[in-house]
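Worksheet for the structure shown next.
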Amino acid sequence: MPMTAPNQNQLVVPAGGFTPYPEVPQPNIFPMEWRVETPKLAELYERAKRHVWNPSDFPWDALRAEDFTEEQRLGIMYWYAVLANFDGSGPAVFAKATIHAFETHQEDPIRKCFFSITHDEMNHEEVCQRAIQKLVPGAPMDFEPTSELAKAAQNNIGWLYHNGGRYWTGYSASLAKYPLSVLFTSFMMGEVASSTLFFGMSKKATHPLFKEIFKKVGQDEARHLAICLTVLERDWPGLSDEYKTMITKQLRAGFVFLSMILWEPPNQFWDIPEYFLPNHRVLVQHARDAGLGVLTYDEQAENWKTALARVRAIVGEWGIEFPAIPELDLDGVDVGHIGPEDIIPVF
Ligand SMILES: [Fe+2]
Ligand SMILES: [Fe+2]
């Protein structure tokens, strides 16, 4: 029997009309739609696409292990492993936020902006990976430490990752619990911190490769900050007092968490042994000596304080109180205990 091709010109219109399609149960990524409510976010996404860069295109050959002492190699590896505790969480944190944005039917440019941050953070993480692997193959966890300094580095990093692992379930749960404005205040704080950090380091680094890397990463972070601020401008009006109080606490949690990379952490949240900070200081000093561009303790404090003053001014405009940060002589509200459930990790 020869096959007969189906008739391609015959539209079927049922006599009683089309069957109404079922409503899609929510949360769900369907139905698809591409609403734009905030054109500025769409512009930022365009900028993100134009700014794309490739971490493998950096002149990695210029980073030669033999140009550094063993201590300096360990110092740089250590600093990047500390950074990876922050930048490494970026892809997963923003991938989850991207899915959440789809499920809650946020406007299209929000989904796209979150996606672009996920992509950027993957690049930032790749930079950590490449810098570490170039100088101490197998590090941070999977290398055989042959000196006391190397053992101290590996042990500290293990403790850091233990702490990193403590907030993940809390963060995952927080997505469904809080409105975007609460989450994004924490994200904004992280982006203020990271843009400040990388801008400072790009100026201070003497090694040309690190200088170039910090410039690129800093440019991304500045765009992330612009995205966060645009989302917040959209969502902050109408924020309830309960959420405002929650945000004040989140800001203090951000300070506690981010100080590990921007300065030194206060004695809150971080579950670390007593030798952690003294050893951290020694290792970071070796990185500094190697030309990585790590600011001094005082410069870091000054930089962090300026960044926090900026955050205070931003949230103040929306009637959100700032938490007390006595560590940097910033007065404000006492928010009490900060635990793993308060940490919203971003960079
Ligand atoms: Fe980043
Ligand atoms: Fe970022």
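The values are calculated or read from the model by the stated rules, or taken from the named source; none is laboratory data. Here the structure is a predicted model, which means the values were calculated and not measured. So basically every Cβ, Gly included, is an ideal-geometry build from the backbone, and we count neighbours across all protein chains shown. Please note that ligands, DNA and RNA were not included when accessible areas were found on the heavy atoms of the full protein model with its side chains. Shrake-Rupley method; radii C 1.70, N 1.55, O 1.52, S 1.80 Å.
Is at least one residue of the stretch 252-272 farther than 22 Å from Ser194 by Cα and in a helix (DSSP H, G or I)? Steps first, please.
Let us first name the residues in the stretch 252-272 that are farther than 22 Å from Ser194 by Cα, namely 271-272.
When the remaining residues are screened for being in a helix (DSSP H, G or I), the result is none.
Taking every residue of the stretch 252-272 in turn, none turns out to be farther than 22 Å from Ser194 by Cα and in a helix (DSSP H, G or I).
May I ask you to list pairs of residues, at least six apart or on different chains, whose Cβ atoms are under 6 Å apart, with the first in the stretch 93-111 being over 14 Å from Leu183 (Cβ atoms) and the second being assigned to a helix (DSSP H, G or I) and open to solvent by 40 Å² or more (accessible area, probe 1.4 Å)?
Within 6 Å, the pairs are Arg111/Phe102.
Counting only residues that are more than 21 Å from Tyr78 (Cβ to Cβ) and over 15 Å from the mean Cα position of the chain (by Cα), how many does the stretch 161-174 have?
Filtering the stretch 161-174 for residues more than 21 Å from Tyr78 (Cβ to Cβ) gives 167-174.
With the extra rule that they be over 15 Å from the mean Cα position of the chain (by Cα), the set shrinks to 169-170, 173-174.
Total meeting the criteria: 4.
Restricting attention to the stretch 117-140, and to residues there that are aliphatic (A, V, I, L, M) and within 16 Å of ligand 1 (Cβ to nearest atom), which single residue is farthest from Ile213 (Cα to Cα)? Spell out how you get there, then give the answer.
Step one: filter the stretch 117-140 for residues aliphatic (A, V, I, L, M), giving 117, 122, 127, 131-132, 135-136, 139.
After this cut, where a residue has to be within 16 Å of ligand 1 (Cβ to nearest atom) as well, the list is 117, 122, 127, 131-132.
Working: Ile117: 17, Met122: 14, Val127: 8, Ala131: 10, Ile132: 14 Å.
Only one residue fits best here, namely Ile117.
Among the listed residues Gly339, Gly293, Gly254, which satisfies the condition of being touching a residue at least 12 places away in the same chain (Cβ under 8 Å), at positive phi and open to solvent by less than 50 Å² (accessible area, probe 1.4 Å)? If you could, list the steps in order and put the result at the bottom.
Working: Gly339 fails: at positive phi; Gly254 fails: at positive phi.
Within the list Gly339, Gly293, Gly254, the selection yields Gly293.
Regarding the stretch 46-64, can at least one residue be identified that is among the polar types (S, T, N, Q), surrounded by fewer than 19 Cβ atoms within 10 Å (Cβ to Cβ), away from ligand 1 (no atom under 15 Å from the Cβ) and over 17 Å from Ala290 (Cα atoms)?
Residues of the stretch 46-64 that are among the polar types (S, T, N, Q), as a first pass: 54, 56.
Within this subset, residues satisfying the condition of being surrounded by fewer than 19 Cβ atoms within 10 Å (Cβ to Cβ) are 54, 56.
Of the ones still in play, those that are also away from ligand 1 (no atom under 15 Å from the Cβ) are 54, 56.
From the residues that got through so far, the ones that are over 17 Å from Ala290 (Cα atoms) too are 54, 56.
Yes, the conditions are met somewhere in the stretch 46-64.
Just checking, does the stretch 239-246 include any residue being of a type in the set (D, E, K, R) and either more than 30 Å from Glu37 (Cβ to Cβ) or surrounded by 20 or more Cβ atoms within 10 Å (Cβ to Cβ) (or both)?
Narrowing the stretch 239-246 to residues of a type in the set (D, E, K, R): 241-242, 244.
Then drop every residue that is not either more than 30 Å from Glu37 (Cβ to Cβ) or surrounded by 20 or more Cβ atoms within 10 Å (Cβ to Cβ) (or both), which leaves none.
Checking the stretch 239-246: not a single residue is of a type in the set (D, E, K, R) and either more than 30 Å from Glu37 (Cβ to Cβ) or surrounded by 20 or more Cβ atoms within 10 Å (Cβ to Cβ) (or both).
Test of understanding: among Thr69, Thr19, Thr38, Thr4, which residue is more than 30 Å from Pro137 (Cβ to Cβ), at pLDDT 95 or above, open to solvent by 40 Å² or more (accessible area, probe 1.4 Å) and not basic (Lys, Arg)? Full working, then the answer.
Numbers: Thr69 fails: more than 30 Å from Pro137 (Cβ to Cβ); Thr38 fails: open to solvent by 40 Å² or more (accessible area, probe 1.4 Å); Thr4 fails: at pLDDT 95 or above.
Of Thr69, Thr19, Thr38, Thr4, the one residue that is more than 30 Å from Pro137 (Cβ to Cβ), at pLDDT 95 or above, open to solvent by 40 Å² or more (accessible area, probe 1.4 Å) and not basic (Lys, Arg) is Thr19.
May I ask you to say which residue of Phe102, Phe114, Phe143 is touching a helix residue (DSSP H, G or I) at 6+ places or on another chain (Cβ under 9 Å), within 16 Å of ligand 1 (Cβ to nearest atom) and not hydroxyl-bearing (Ser, Thr, Tyr)?
Within the list Phe102, Phe114, Phe143, the selection yields Phe114.
I'm checking my understanding of the structure. Among residues of the stretch 219-236 that are more than 15 Å from ligand 1 (Cβ to nearest atom) and touching a residue at least 40 places away in the same chain (Cβ under 8 Å), which one is nearest to Gln72 (Cα to Cα)?
Within the stretch 219-236, the subset more than 15 Å from ligand 1 (Cβ to nearest atom) is 229-236.
Okay, now just the ones that are also touching a residue at least 40 places away in the same chain (Cβ under 8 Å), so 229-232, 234-236.
Numbers: Leu229: 38, Thr230: 41, Val231: 41, Leu232: 41, Arg234: 46, Asp235: 46, Trp236: 45 Å.
Here the answer is Leu229.
Would you point out the residue of the stretch 196-218, among those that are within 12 Å of ligand 2 (Cβ to nearest atom) and touching a residue at least 60 places away in the same chain (Cβ under 8 Å), that is surrounded by the fewest Cβ atoms within 10 Å (Cβ to Cβ)? Quick ask: steps written out before the conclusion?
Residues of the stretch 196-218 within 12 Å of ligand 2 (Cβ to nearest atom): 196-198, 217-218.
If we keep only those that are touching a residue at least 60 places away in the same chain (Cβ under 8 Å) too, we end up with 196-197, 217.
On the way: Thr196: 23, Leu197: 28, Val217: 27.
Checking each candidate, the answer is Thr196.
Exactly one condition in (1) touching a residue at least 40 places away in the same chain (Cβ under 8 Å); (2) more than 16 Å from ligand 2 (Cβ to nearest atom); (3) part of a loop (DSSP other than H, G, I, E, B) is not met by Val315; state its number.
(3)
Output yes when any residue across the stretch 305-318 is under 27 Å from Asp120 (Cβ atoms), touching a His at 6+ places or on another chain (Cβ under 8 Å) and within 16 Å of ligand 1 (Cβ to nearest atom), and no when none is.
The answer is no, given that none of the residues of the stretch 305-318 is under 27 Å from Asp120 (Cβ atoms), touching a His at 6+ places or on another chain (Cβ under 8 Å) and within 16 Å of ligand 1 (Cβ to nearest atom).
Restricted to the stretch 137-191, and to residues that are open to solvent by less than 10 Å² (accessible area, probe 1.4 Å), among the aliphatic types (A, V, I, L, M) and not in a loop (DSSP other than H, G, I, E, B), which residue is farthest from Ile272 (Cα to Cα)?
Result: Val182.
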